[in-house]
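J.: First the structure, then my questions, so here it is.
The values are calculated or read from the model by the stated rules, or taken from the named source; none is laboratory data. Note that the structure is predicted; figures quoted are calculated from it, not measured. Counting neighbours? That spans all protein chains shown, and the Cβs are built from the backbone with ideal geometry, glycine included. Side chains included, ligands, DNA and RNA excluded: accessible areas come from the protein's heavy atoms. Shrake-Rupley method; radii C 1.70, N 1.55, O 1.52, S 1.80 Å.
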Amino acid sequence: MKWLNYKDRSIDTIESVEHRLQITLPEDYKQFVLKYDGGYPNPNHFKVDGKVEIFNNLISLDENEYNNIYEILEDLQDRIGDQLIPFAEDGFGNLLCFDYSANKNIVFWDYEKNHDDFKESTFVCFSFSSLIENLFLDV
């Protein structure tokens, strides 16, 4: 696995996100973003309901970075609900999120399916580590 265009983050940045959003992020994710925040993985494909999707990049936890977690949550606050916390995007407006209503499972939030009040997500896997371990190249 190779990561591009990432930045190291301090534990203070992560704790600030947790405090502001009043959540506890999964430990495997926190350890990962300490090194690869905002990064682009290669390989970068995963499956959702038998369909291949793209893991474009991790969403930055730094409020000074473009398109950070705070901006995304503010832009989508009426569409994403309060139980989904995005951590990655696919480049088309779709998000990978931690679902806080389901033990922080990883879900895929489809931008086109979720207009107005309709909040639907699709289960991907049980943990961030599992998602990363199962990324593959699309041939």
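J.: Give me the one-decimal nm value for the distance between modelled label points at Glu71 and Phe126, 7 Å along each residue's Cα-to-Cβ direction.
T.: 3.6
J.: Still on this structure, I have one more. Once you keep just the Cα pairs under 8 angstrom separated by 6 or more residues, what percentage relative contact order results for the chain?
T.: The value is 21 percent.
J.: Apply the Karplus curve 6.51 cos²θ - 1.76 cosθ + 1.60, θ = phi - 60°, to the phi angles in segment 47-55 and return the couplings in whole Hz, x for Gly and Pro.
T.: The phi angles translate into 10, 10, 6, x, 9, 7, 10, 10, 9 Hz.
J.: Okay, moving on. Just to be sure I understand the model, the point goes 7 Å from the Cα along the line to the Cβ. What's the resulting Glu18 to Tyr100 distance in nm?
T.: Between Glu18 and Tyr100, the label points sit 1.3 nm apart.
J.: From the phi of every residue in segment 91-102, what ³J(HN,Hα) in whole Hz does the Karplus formula 6.51 cos²θ - 1.76 cosθ + 1.60 yield, where θ is phi - 60° and glycine or proline is x?
T.: x, 10, x, 7, 10, 9, 9, 8, 9, 6, 8, 9
J.: Could you go through segment 67-82 in sequence order and give the Karplus-derived ³J(HN,Hα) for each residue, using 6.51 cos²θ - 1.76 cosθ + 1.60 with θ = phi - 60°, rounded to whole Hz, and x for Gly and Pro?
T.: 6, 7, 4, 5, 4, 5, 5, 5, 5, 10, 4, 7, 10, 9, x, 9
J.: Using amide H atoms built in the peptide plane, which far-off residues or other-chain residues are under 5 Å from Asn94 H to H?
T.: It is Tyr111, by chain and number.
J.: Further, regarding this structure: Report which label in (1) 20, 19, 14; (2) 30, 18, 12; (3) 35, 18, 13 holds the value of semi-axes √(5λ) of the Cα gyration tensor in Å derived from the coordinates of this structure.
T.: Matching the structure shown: (1).
J.: Tell me the carbon and sulfur percent of the accessible area for segment 6-123, rounded to whole percent, probe radius 1.4 Å.
T.: On the way: 2680 of 6260 Å².
Carbon plus sulfur share of accessible area: 43 percent.
J.: Dipole size in debye (nearest 20) for segment 37-139 around its Cα centre, Lys and Arg Cβ +1, Asp and Glu Cβ -1?
T.: For segment 37-139, the charge dipole is close to 480 debye.
J.: Could you tell me the number of lysine pairs in the chain with C-alpha atoms less than 24 Å from each other, where the two lysines are 8 or more residues apart or belong to different chains?
T.: Lysine pairs satisfying the spacing and distance rule in the chain number 17.
J.: A follow-up question, please. Any idea what the dipole of segment 22-83 comes to, in debye rounded to 20, about its Cα centre with Lys/Arg Cβ at +1 and Asp/Glu Cβ at -1? Don't skip to the answer; put the middle values down first.
T.: Working: 5 positive and 13 negative charges, 81 e Å.
It comes to approximately 380 debye.
J.: Hey, what number do you get for the chain at 222 nm if only DSSP H runs of n ≥ 4 count, each worth -39500 (n - 2.57), divided across all residues, to the nearest 500?
T.: Dividing the helical sum by the residues of the chain leaves -7000 deg cm²/dmol.
J.: I want to verify a result. In a Gaussian network model of the chain, Cα cutoff 10 Å, which of these has the top mean-square fluctuation: Phe128, Phe108, Phe32?
T.: In the Gaussian network model the winner is Phe32.
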